[in-house]
Amino acid sequence: MGQTRFGGEEAAALVTELRETFSTGKTRSYEWRVTQLKSIVKLVEEREDEIVQALRSDLNKPEFESVLYEVGLLKSSCNVALKELKQWMKPEKVKTSITSFPSSAQIAADPLGVVLVISAWNYP
């Protein structure tokens, strides 16, 4: 596995690309989100050995810990998201004031944009 440079310019280009994709509206659909989550699981499964090797090389992390806490946790998180996604996307009905009778209201969890999280994912 070779080294890849990811600095400020690469981050800016990535965020620009993600914003362009987000602005199309295609990221809002349930189907698109499911496809993305399944693709993450597939990628992790296909590259598990490389991920474990990188963790060993970079952090001297034992294989058991890498598989359990890095690979396994990521796949598990994706599977939970796949299971709960419809519920998370469903509008939540809320009560309205008697003064606005016979109205109805709901809270819709709509995505607002793109975030780039650069975070430490190891432990001391």
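The values are calculated or read from the model by the stated rules, or taken from the named source; none is laboratory data. None of the values given here were measured: they were computed from a predicted structure. Here the Cβ is made from the backbone with ideal geometry for all residues, glycine too, and neighbour counts use every protein chain on show.
Can you spot a residue in the stretch 41-55 that is closer than 16 Å to P111 by Cβ, surrounded by 15 or more Cβ atoms within 10 Å (Cβ to Cβ) and within 15 Å of the chain's Cα centre (by Cα)?
No, the stretch 41-55 has no match at all.
Go over the candidates K42, K61, K93, K86 one by one and state the one that is assigned to a helix (DSSP H, G or I) and over 29 Å from E9 (Cα atoms).
None of the others qualify; the one that does is K86.
If we keep just the residues of the stretch 89-102 that are in contact (Cβ under 8 Å) with a residue 12 or more places away in the chain and surrounded by 11 or more Cβ atoms within 10 Å (Cβ to Cβ), which is nearest to R33 (Cα to Cα)?
Restricting to residues being in contact (Cβ under 8 Å) with a residue 12 or more places away in the chain and surrounded by 11 or more Cβ atoms within 10 Å (Cβ to Cβ), the top hit is M89.
For the condition surrounded by 13 or more Cβ atoms within 10 Å (Cβ to Cβ) and among the aliphatic types (A, V, I, L, M), what is the one hit in L73, L85, L68?
Answer to the selection: L85.
Listed here are the residues, each with its yes/no results for (1) in contact with a strand residue (DSSP E or B) (Cβ under 9 Å, 6 or more places away or on another chain); (2) closer than 30 Å to G7 by Cβ; (3) aliphatic (A, V, I, L, M).
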residue	(1), (2), (3)
S39	no, yes, no
R56	no, yes, no
F64	no, no, no
L74	no, yes, yes
I98	no, no, yes
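Can you confirm whether K75 is more than 17 Å from V117 (Cα to Cα) and either in contact with an Asp or Glu (Cβ under 9 Å, 6 or more places away or on another chain) or not in a helix (DSSP H, G or I) (or both)?
For K75, the condition - more than 17 Å from V117 (Cα to Cα) and either in contact with an Asp or Glu (Cβ under 9 Å, 6 or more places away or on another chain) or not in a helix (DSSP H, G or I) (or both) - is met.
Determine which single condition V80 fails, assuming it passes every other condition in (1) modelled with pLDDT of 95 or more; (2) among the hydrophobic types (A, V, I, L, M, F, W, C); (3) closer than 22 Å to L112 by Cβ.
The one condition V80 does not meet is (3).
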